[in-house]
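To start, the structure under review is shown below, and the notes come after it.
Derivation of every value follows stated rules applied to the coordinates shown; laboratory data play no part. All values reported here derive from a predicted model rather than from experimental measurement. Glycine gets a Cβ as well: all are built from the backbone with ideal geometry, and neighbour counts include every protein chain shown.
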Amino acid sequence: MSESHEVQERLAFNEAGYRRLNEGIERGHIGDPPGRQVGFRCECARLGCNAIVLLGKAEYEAVRGNGRRFFMLDGHEMPEIEDVVERHESYVVVEKREHAGKTAEAIDPRA
């Protein structure tokens, strides 16, 4: 595996770890009113990021519908492995490309 692929895989695994954590947070809010916002961890690959992103259930589910997509604070994206596909008032949605995208899909807990 090339160094570029290794870096892409490591970054995808970092973000997927936050996705797994957020899946647990989401399960803890089953039965909440539909419009209620929940604090989820930013799913960026930055080490030490502890930012919280507020999302409603529908917003969260829209991102989780694609194994290559993650949400994060604007400015936390990594253009070398992902594209911003949606911009919202308090967060962005990114989609992994190439090897990082394949890795993200392969380890998606909803796949």
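If you go through the range 26-75 and keep only what is closer than 18 Å to S90 by Cα, out of contact with any Leu (no Cβ under 7 Å at 6 or more places or on another chain) and among the aliphatic types (A, V, I, L, M), you end up with I52, L54, L55, A58, A62, V63, M72, L73. Condition (residue is under 13 Å from the mean Cα position of the chain (by Cα) and exposed (fewer than 15 other Cβ atoms within 10 Å of the Cβ)) applied to the range 28-48: is it met by at least one residue? No, that holds for no residue.
Working only within the range 71-99, note down all residues that are over 15 Å from E9 (Cα atoms) and surrounded by 15 or more Cβ atoms within 10 Å (Cβ to Cβ). Lay out the reasoning, then the answer.
Taking the range 71-99 as the starting set, the residues that turn out to be over 15 Å from E9 (Cα atoms) are 71-77, 83-94.
Matches in the range 71-99: F71, M72, L73, H76, E77, Y91, V92, V93, V94.
Looking for something basic (K, R), over 21 Å from A104 (Cα atoms) and without any contact (Cβ under 8 Å) to a residue 40 or more places away in the chain - is there at least one such residue anywhere in the range 35-50? Yes; the residues of the range 35-50 include at least one that is basic (K, R), over 21 Å from A104 (Cα atoms) and without any contact (Cβ under 8 Å) to a residue 40 or more places away in the chain. Considering only residues that are aliphatic (A, V, I, L, M) and in contact with a Cys (Cβ under 8 Å, 6 or more places away or on another chain), look in the range 55-111 and name the one that is farthest from Y18 (Cα to Cα). Checked the range 55-111; the qualifying residue farthest from Y18 (Cα to Cα) is M78.
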